[in-house]
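Reading through the structure tokens given below for one structure.
The values are calculated or read from the model by the stated rules, or taken from the named source; none is laboratory data. Since the model is a prediction, treat every value here as computed from it, not as a measurement. Cβ sites come from the backbone with ideal geometry, for glycine too, and all protein chains shown count toward neighbours. Accessible surface is based on the protein model in full, side chains and every heavy atom, while ligands, DNA and RNA are left aside. Shrake-Rupley method; radii C 1.70, N 1.55, O 1.52, S 1.80 Å.
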Amino acid sequence: MRFDILTLFPEMFPGYLNASILRRAQEGEYVRVNLHTIRDYAVGKHRVTDEPPYGGGGGMVLKPEPIFAAAEAAIAQGQAKTGIAAVPPIILLTPQGRPFTQSVAQELSQQPWLVLLCGRYEGVDERVRQHLVTDEISIGDFVLTGGELAAMILVDAITRLLPDVLGAEDAAVSDSFATGLLEGPHYTKPETFRSWSVPAVVRSGHAANLARWRRQEALRRTWQRRPDLLLTANLSQADKQYLAVLAQET
Ligand code: ADE
């Protein structure tokens, strides 16, 4: 999968993208991340990328010309490199976008190529939204200084869903949200730490009991922390019975 990221601050990216699983995913050529500096596409001696808004109101607005030029260059390069003729989705990261969730990550992981546009300051000129961008995504109801962290979050959440990026052991299938539930607790060695022991069922080696316990703990945690998720989760008859037990307890 290919990501082209359009940003005023490419220096924000390498630390996060070049470590751990994202590094391995790039080395293994499962994913390629190309950074494009919007300022490189601005013209004039000062390469101005932002101006005050028409009509006043404070703050600065990103100008359309360098953003269109950067996007068009990134798309032309990508088409030449990949042989993909279609224009990829062009996603603006903005608090006004549709909420980013695990199912949006899954949806986007089906694409061979995405362009991510990082907004800054008060926002981008509306013509970018109307005539360039094809999708807008928010990573939550808070305002960051720009879209760069949001873009890295998309790259991370999408990359780990790509086939073979995670090893079998940390496969994404049992993730919180992939199942519609939060994950239950995990334990590792030592068996007893400061008198706190790992539950017997976890150490028992009894696969069926362990699977039932894990499912029940996932239900318990979701019930306690995110009951809203239970409305859309895929629940068996046994799950519903266990939830009834939890409801009795509280
Ligand atoms: N840019 C600034 N805040 C943002 C948010 N919450 N999500 C995506 N992009 C942003």
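Could you tell me which numbered condition residue 203 fails, if it satisfies all but one of (1) in the same structural domain as residue 231 (by TED's automatic domain parsing); (2) open to solvent by less than 80 Å² (accessible area, probe 1.4 Å); (3) touching a residue at least 12 places away in the same chain (Cβ under 8 Å)?
Of the numbered conditions (1) in the same structural domain as residue 231 (by TED's automatic domain parsing); (2) open to solvent by less than 80 Å² (accessible area, probe 1.4 Å); (3) touching a residue at least 12 places away in the same chain (Cβ under 8 Å), the odd one out for residue 203 is (2).
Looking at 123, 146, can you tell me which residue is within 21 Å of residue 9 (Cα to Cα), modelled with pLDDT under 95 and of a type outside the set (A, V, I, L, M, F, W, C)?
Matching residue, one of 123, 146: 123.
Within the set of pairs 6 or more residues apart or between chains, which connect a residue that is under 16 Å from residue 98 (Cβ atoms) and of a type in the set (Gly, Ala, Ser) inside region 135-148 to a residue that is modelled with pLDDT of 95 or more and within 7 Å of the ligand (Cβ to nearest atom) with Cβ atoms less than 7 Å apart?
Pairs found: 138/94; 138/95; 138/97; 147/93; 147/94.
Within the bounds of region 208-223, is there any residue that is open to solvent by 100 Å² or more (accessible area, probe 1.4 Å) and either farther than 25 Å from residue 102 by Cα or not basic (Lys, Arg) (or both)?
no
Can you list the helices (runs of 4 or more DSSP H) found entirely within region 1-105 that contain at least 1 residues being over 21 Å from residue 120 (Cβ atoms) and open to solvent by less than 40 Å² (accessible area, probe 1.4 Å)?
Passing ranges, in order: 20-27, 64-82.
Return yes or no: is residue 172 within 30 Å of residue 84 (Cα to Cα) and within 16 Å of the ligand (Cβ to nearest atom)? Don't jump to the end; show me each part of the working.
Working: within 30 Å of residue 84 (Cα to Cα): yes; within 16 Å of the ligand (Cβ to nearest atom): no.
It is false that residue 172 is within 30 Å of residue 84 (Cα to Cα) and within 16 Å of the ligand (Cβ to nearest atom).
Between 231, 161, which is of a type in the set (A, V, I, L, M, F, W, C) and over 24 Å from residue 249 (Cα atoms)? Break it down into steps so the answer makes sense when it comes.
Details: 231 fails: over 24 Å from residue 249 (Cα atoms).
Checking each option against the conditions leaves just 161.
Kindly evaluate residue 92 against the criterion of being within 15 Å of the ligand (Cβ to nearest atom) and within 12 Å of the chain's Cα centre (by Cα).
no
Considering only residues that are open to solvent by 20 Å² or more (accessible area, probe 1.4 Å) and closer than 16 Å to residue 6 by Cα, look in region 106-122 and name the one that is farthest from the ligand (Cβ to nearest atom).
The qualifying residue farthest from the ligand (Cβ to nearest atom) is 121.
Return the residues of region 127-159 that are surrounded by fewer than 19 Cβ atoms within 10 Å (Cβ to Cβ), more than 13 Å from the ligand (Cβ to nearest atom) and under 12 Å from the mean Cα position of the chain (by Cα); say none if nothing qualifies.
Residue satisfying the conditions is 156 alone.
Counting only residues that are among the polar types (S, T, N, Q), within 23 Å of the chain's Cα centre (by Cα) and in a loop (DSSP other than H, G, I, E, B), which one in region 173-209 is modelled with the lowest pLDDT?
The extreme case among them is 176.
Write out, first by first residue and then by second, each pair whose Cβ atoms fall under 7 Å of each other, whose residues are 6+ apart or on separate chains, and whose first residue, in region 232-243, is open to solvent by 40 Å² or more (accessible area, probe 1.4 Å) while the second is not in a helix (DSSP H, G or I).
What qualifies is 232/180; 234/180.
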